[in-house]
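> The structure under discussion is supplied below as structure tokens; questions concerning it will follow.
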Amino acid sequence: MSTIRILGWTSTGFRCPDHEVSLEKPSKKPYAVTLIQMPNGTGKTTTLELLRASLSGRTQWGREELLALRSRDQPRTAVFVTRLLVDEKRATVRMAVDFVSRSVTFQTTKGGSKQEGFKPPTAVARVFTPEFTPFFIFDGELAQRLLDENGVRAEQAIDAHFQLSLLQRLSVLLTTYWEKMAAGKAKAMTGLTRRRNRLSDLERRRKVLETDRAQLLITRDSQSIERDRLRADWDEAFNRDRTAREQKQHLDQEHGRAAQNVERAVIATLELARELHAVAPNLAAEMVALRDNLDTLKLPEYAAKEFFEELAAAESCVCGEPMTEARRAAVIARKGMYLGQEDAGVINNVKSDIKVFVEGQPDAPSGLRASIETLEGSVRERDELATELLALEAKRLAEGDAEIAEKKSRFDAAEAQLSKTTLRIAEIDRAASPDDGDDSDCLAAIIALQAKAEADFAEITKTRETRQKVGELAEILLAAVSKARAEVREELVDATNARLKGLLSLTPIRLRGIGTSLVLDGQAKASQGQTLALGYAFLLSLFENGQLDLPFIVDSPTGALDLRVRREIAKILPQISNQLVLFTTSSEKDQFVPILHAAAKGNLQYMTLVRLSEASLKLLPSTSDSTRIQKTQNGALVCSKRFFERFDTATLDEK
Amino acid sequence: MALHRVVVEAVRKACKASGQSEAVANRLIAWLEQAARGSAELTYNADQDTRIEDLLSVVTARSELERLLASEGGEEE
């Protein structure tokens, strides 16, 4: 449980007399009870208002509302400083009002560091709000408003005090996370079915292609065997003619040799074609020119880095301007951005390579040309031999042997089938292209498309799942708020009724429930005294059940209570809070203060704050003890039980 | 300042009623507890993504049927 104590406050420039109140004992612990007597017109209401404002960071004020706080001396500014102890750590809130610009600003000091603005310690932030401060800086009006449906929101106070707002804030946080995550994915959220179907189609297509491929490989093997068998048949029939056989063997050998020549020529030509200067003679000339230019510029020997060093030492810059110290420093600082040793090494290698490979091989272009010519000759020879073979076969067929013709025909058909199968396998096995669609025959393309579709589907599924999960949590938190609120209210109603029974035994009232405000059982309103008693009973229950040990500051604690109820209230008030600060008038002392004194077991201090006037000066005790009497330019604060008890407004009025 | 017992109980009950595991309740309560003590922020920032994802990893996204059955069970309760 967090403990909050008010150690005191200082007020300067406001309607109440300037004063400094300390609620601390010499031991630095705050008094359990402080009674502050302020005659009517001394600014009691103003002081309470300032305490509420300074503990809620209120900056929004109406013009008249703000001017009503101003001292009669019409100062431009006023300051109210509240000193706090939160969980044994000191904090200060300074509220400054500028009546001319009508602005209210705050400064907070915590742990020795000063911050602009109202920055209360985290432990109290949820109750140091405009909505909650009236519950612990309390007056009779709040008691009335507790019963008003449009008045103080008991619901908000309960939510804040019992931390129900934490659940709501966590829910908002999770929703914000979801919104950030889903930002830009609205489109992706639609078409889940379409994406799922596409993924299934691609999966199916992949399986079809894999099955086809496996089948085609088997088919190709058997077609290849069949083709070879038919080839052998055809060869056997062809070779029955000896002359034709010998011619064919010769042509086959020659064709094989020519094909090997083509292969060798291709390799040699490609090797030569790798030298760019051999492919493009102009490029060779340009590369030589580049090397010559580098020599002319003395690069890299005279590297730019060194150039800038020399330039920095010169009297004037290359642009003609004098070389000032600033320019010199800039040139030195930036010289490293230009050519250095590593760059020079690269340039030297380039120059050397141009010399060896370009200038050293002036015949490279003609060598490539010769190689291409050789390749062309080899291809021509191979093709001519192939044509001769075909012509020989045609001649053999033309001799009219039906068996040969049939075998040739069957061989050709088998060759065509094998070729078709091989092409189909090649199409399945080829590399993917960007043009491939979902109906492609290329297995690699379908696999890539499937992977992308799977990623798309996974992302959309994850996004949707996250939305569902965030929704689940939001429902849980909402249900928890509802459950907790109902339970807290029930406990508060029972506890409040139990207290009311003791307080108002002669004129009983009962609380039926808590909605946005308190709801009485069987009656809409109650007397002023009953309402004040209800307020105390409710707040006592509220504070007893919460997690904060708050101070309780009350304006006119007995109000319209009759004497019997006053006595009861005096007994129970010290139970509401471990720190009570009660603002009273002299008329409230009867049947209250002595009983309160006893209930507080003497752990209380008495203060009387009066506005300085001729009349009040005559009443002040004649002492120079500053611990007993503190005077400011317009007020006096007397810390004395005797003075408190004897002080009578009527006497002051007479004087 | 610790989280109020009423809040702790309400979160546990709500988690149970929605068919979520105890791990969900434990993570929620730990987070709320830290927020109540002032050692965790409850305003969204990107640094909290890991914590949120950890929380979501133990949440079960129920089907419509499961939600319906859970709500009927809750009513009976």
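The values are calculated or read from the model by the stated rules, or taken from the named source; none is laboratory data. In this text the structure is predicted, and so the values were computed from the model without any measurement. Counting neighbours? That spans all protein chains shown, and the Cβs are built from the backbone with ideal geometry, glycine included.
> Applying the selection to segment A:523-561, what residues are surrounded by fewer than 16 Cβ atoms within 10 Å (Cβ to Cβ) and within 19 Å of A:Gly502 (Cα to Cα)? Before the answer, list the steps.
Within segment A:523-561, the first condition is being surrounded by fewer than 16 Cβ atoms within 10 Å (Cβ to Cβ), and the residues that meet it are A:523-525, A:527-528, A:544, A:560.
Scanning segment A:523-561 gives A:Ser527, A:Gln528, A:Glu544, A:Ala560.
> Name the residue, out of A:Thr129, A:Thr105, A:Thr109, that is β-branched (Val, Ile, Thr), within 30 Å of A:Leu518 (Cβ to Cβ) and outside any helix (DSSP H, G or I).
A:Thr129
> Tell me whether segment A:77-88 contains one or more residues that are part of a strand (DSSP E or B) and under 31 Å from the mean Cα position of the chain (by Cα). Walk me through it before giving the result.
First, pick out the residues of segment A:77-88 that are part of a strand (DSSP E or B): A:77-86.
Those still in the list that are under 31 Å from the mean Cα position of the chain (by Cα) too: A:86.
Looking for residues that are part of a strand (DSSP E or B) and under 31 Å from the mean Cα position of the chain (by Cα), one finds at least one in segment A:77-88, hence yes.
> A:Gly559 fails exactly one of the following numbered conditions: (1) at negative phi; (2) not in a strand (DSSP E or B). What is the number of that condition?
(1)
> I'd like to verify a number: residues in segment A:337-355 that are out of contact with any Lys or Arg (no Cβ under 7 Å at 6 or more places or on another chain) and modelled with pLDDT under 85, how many?
6
> Which of (1) away from every other protein chain (no Cβ under 14 Å); (2) farther than 30 Å from A:Lys29 by Cβ; (3) acidic (Asp, Glu) does A:Glu568 not meet, given it meets every other one?
(2)
> Limited to segment B:9-19, what total is found for residues that are among the β-branched types (Val, Ile, Thr) and more than 9 Å from chain A (Cβ to nearest Cβ)?
The qualifying residues number 0.
Here is a yes/no grid of residues against (1) out of contact with any helix residue (DSSP H, G or I) (no Cβ under 9 Å at 6 or more places or on another chain); (2) among the hydroxyl-bearing types (Ser, Thr, Tyr); (3) surrounded by 13 or more Cβ atoms within 10 Å (Cβ to Cβ):
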{"site": "A:Phe357", "(1), (2), (3)": "no, no, yes"}
{"site": "A:Thr374", "(1), (2), (3)": "no, yes, yes"}
{"site": "A:Glu388", "(1), (2), (3)": "no, no, yes"}
{"site": "A:Ala391", "(1), (2), (3)": "yes, no, no"}
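> May I pose another question? Mind checking which residues of segment A:72-104 are crowded, with 20+ Cβ neighbours inside 10 Å and polar (S, T, N, Q)?
A:Thr82
> Something else: Out of the residues in segment A:117-144 meeting the condition of being touching a Pro at 6+ places or on another chain (Cβ under 8 Å) and within 17 Å of A:Asp555 (Cα to Cα), tell me which one is farthest from the other protein chains (Cβ to nearest Cβ).
A:Leu142
> Moving to a separate point now. When only residues in segment A:468-489 that are within 7 Å of chain B (Cβ to nearest Cβ) and surrounded by fewer than 23 Cβ atoms within 10 Å (Cβ to Cβ) count, which is farthest from A:Leu173 (Cα to Cα)?
Checked segment A:468-489; the qualifying residue farthest from A:Leu173 (Cα to Cα) is A:Glu487.
> Please work out which residue is nearest to A:Ser200 (Cα to Cα), limiting yourself to segment A:421-462 and to residues that are surrounded by fewer than 18 Cβ atoms within 10 Å (Cβ to Cβ) and polar (S, T, N, Q).
A:Thr461
> With (1) buried (at least 17 other Cβ atoms within 10 Å of the Cβ); (2) over 19 Å from A:Leu637 (Cβ atoms) as the list, and A:Glu65 as the residue in question, which single condition is left unmet?
(1)
> Same structure again: Tally up the residues in segment A:39-62 that are crowded, with 19+ Cβ neighbours inside 10 Å and on the phi > 0 side of the Ramachandran plot, please.
2
> Which residues, taken from segment A:275-329, are touching a strand residue (DSSP E or B) at 6+ places or on another chain (Cβ under 6 Å) and buried (at least 16 other Cβ atoms within 10 Å of the Cβ)?
A:Met323
> I would also like to ask the following. Looking at segment B:41-52, can you tell me whether even one residue there is assigned to a helix (DSSP H, G or I), within 12 Å of the chain's Cα centre (by Cα) and within 28 Å of A:Lys462 (Cβ to Cβ)?
Start the filter on segment B:41-52 by keeping residues that are assigned to a helix (DSSP H, G or I), which leaves B:46-52.
Adding the requirement that they be within 12 Å of the chain's Cα centre (by Cα) leaves B:52.
Within this subset, residues satisfying the condition of being within 28 Å of A:Lys462 (Cβ to Cβ) are B:52.
Yes - at least one qualifying residue is present in segment B:41-52.
> Quick check on A:Asp98: is it modelled with pLDDT of 80 or more and among the charged types (D, E, K, R)?
yes
> Another one. I'd like to verify a number: residues in segment A:478-531 that are within 39 Å of the chain's Cα centre (by Cα) and assigned to a helix (DSSP H, G or I), how many?
Number satisfying all stated conditions: 15.
> In addition: From the residues in segment B:20-62 that are more than 9 Å from every other protein chain (Cβ to nearest Cβ) and in contact (Cβ under 8 Å) with a residue 12 or more places away in the chain, which one is nearest to A:Ala480 (Cα to Cα)?
Looking at residues that are more than 9 Å from every other protein chain (Cβ to nearest Cβ) and in contact (Cβ under 8 Å) with a residue 12 or more places away in the chain, I get B:Ile29.
> Related question: Please specify each residue of segment A:132-164 satisfying the condition of being in a loop (DSSP other than H, G, I, E, B) and crowded, with 21+ Cβ neighbours inside 10 Å. Give the derivation first.
Pass one, segment A:132-164, residues in a loop (DSSP other than H, G, I, E, B): A:132, A:139, A:147-153, A:162-163.
Matches in segment A:132-164: A:Phe132, A:Asp139, A:Leu147, A:Val152, A:Phe162, A:Gln163.
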